[in-house]
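Here's the structure we're looking at; comments come further down.
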Amino acid sequence: MASSKDSNIFVISDIHGCDTELKLLLNKLPLEPNKSKIIFLGDYIDRGIESKQVIDTIMELQGMFDVVTLMGNHEEMLINFLQDPLSEEAVSFVYNGGGSTLTSYGDDKGKYYVPNNHMEFFNNLKVFHQTDDYFFVHAGVPDFPLDKIDSKEDRAALLWSRRTFLESKFKWDKMIIHGHTPHQDVEVTNRRVNIDTGCVFGGKLTALELPAYRFYSVNKQDRPQFIYLRDLDSRRAAIRFEGGNLLYVYRGDEVLPLEVINFSETGMLLTDSIIKSPNNLFKDQEVIGGEIGHKHGDIVQFEARVVRFDDRGDYPSYGVQFIRKPRDILFEHYSRIIRPGDDSATV
């Protein structure tokens, strides 16, 4: 039986820029001012078109309720991107839906600005929260007692873990409440509850009431939309970002590492600064595919056509245009996971 301290709690996760659905969900909850606690499990931003608005909504709630805000892996990627847009994580951030977040903070000149109060919000997010009976976290926890978890040492597991946590048989002394891995419906086991029901992929946004274990959901209100930062005075379809990341092209049994010089939502400029092949790696109009890696394991796939070759620099460079954008591939993958009636799909 839950303690009295663990009563009147409402938990929401993985909003991903779906502010319209968040407002509708909040209107369904039996919230009581100065009594109810709302715990958000992270991933407020990216992929959806209303990331800034989601933060505004949550900050408004902080004046009426006891609100706990946890960090998700997408907030971590945003912070790292803003600190160093040339970092290895920059490309992964944009192609994991970060372009939509920048656009929600942007103008028609392709410039973006995150207000100080929003930066304070992001920088003050915790990586876990616990009560007498529950442990709240974005992604998962390691296979050891909860009182041994260190917010710095175990940060990657708390923000990024998937299969190892989901398949774990470890018996923690509290129920783990998490999101991060979208599923067709809420998952409830004797060890954990996953409330990520894939709203941004066309699923639902779900809240869990504790200790009643009552669930509230709202469906995605329209088809998933994509937006990205662009300068309306420019002929380019999207703003280009400087690179600094590696990606891997898979061609038969070959794995070809290349460096990203710059990138946008529509394509990339790559250079052969690693292999340094004496011959051109790719032919004009050749279709290539591969992955943009992230150190914690969230991989972004791409499929592109080589449209330009330049050998005037220190190393040959290749301009590629996406045939299937990384975000499209990502949406196809997760939309299949949460498709109604498809219980066999897994992450």
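The values are calculated or read from the model by the stated rules, or taken from the named source; none is laboratory data. Quick caveat, the model's predicted, so the values are computed rather than measured. Glycine gets a Cβ as well: all are built from the backbone with ideal geometry, and neighbour counts include every protein chain shown.
Observations on the model:
- Applying a threshold of 8 Å to beta carbon distances and a minimum spacing of six or more residues, or different chains, the list of pairs starting in segment 81-92 at a residue that is assigned by TED's automatic domain parsing to the domain that holds Val114 and ending at one that is small (Gly, Ala, Ser) and in a helix (DSSP H, G or I) reads Phe81/Ala90; Phe81/Gly98; Asp84/Ala90.
- Residue match in segment 247-268 (condition: in a strand (DSSP E or B), modelled with pLDDT under 90, of a type outside the set (Lys, Arg) and surrounded by fewer than 18 Cβ atoms within 10 Å (Cβ to Cβ)): no
- Taken together, the residues in segment 86-115 that are crowded, with 17+ Cβ neighbours inside 10 Å and within 21 Å of Gly290 (Cβ to Cβ) amount to 12.
- Check on Thr20, in contact (Cβ under 8 Å) with a residue 60 or more places away in the chain and under 21 Å from the mean Cα position of the chain (by Cα): yes
- Per-region count, segment 180-211, residues under 20 Å from the mean Cα position of the chain (by Cα), surrounded by fewer than 20 Cβ atoms within 10 Å (Cβ to Cβ) and in a loop (DSSP other than H, G, I, E, B): 4
- Hey, Asp107 closer than 26 Å to Leu247 by Cα and without any contact (Cβ under 8 Å) to a residue 12 or more places away in the chain or not: no
- Annotation: of all residues in segment 212-227 being part of a strand (DSSP E or B) and touching a Lys or Arg at 6+ places or on another chain (Cβ under 8 Å), the one that is surrounded by the fewest Cβ atoms within 10 Å (Cβ to Cβ) is Asn219.
- Among the numbered conditions (1) of a type outside the set (S, T, N, Q); (2) assigned to a loop (DSSP other than H, G, I, E, B); (3) in contact with a helix residue (DSSP H, G or I) (Cβ under 7 Å, 6 or more places away or on another chain), the only one that Tyr334 does not meet is (2).
- The one condition from (1) outside any loop (DSSP other than H, G, I, E, B); (2) over 22 Å from Ser100 (Cα atoms) that Asn117 does not meet is (2).
- Verdict on Lys152 being under 26 Å from Ala212 (Cα atoms), among the basic types (Lys, Arg) and in a loop (DSSP other than H, G, I, E, B): no
- Beta carbons closer than 6 Å, at least 6 apart along the sequence or on distinct chains, pair a first residue in segment 209-230 that is touching a residue at least 12 places away in the same chain (Cβ under 8 Å) with a second that is part of a strand (DSSP E or B) and of a type in the set (A, V, I, L, M) for Leu210/Ile9; Phe215/Leu208; Tyr216/Ala207; Val218/Leu205.
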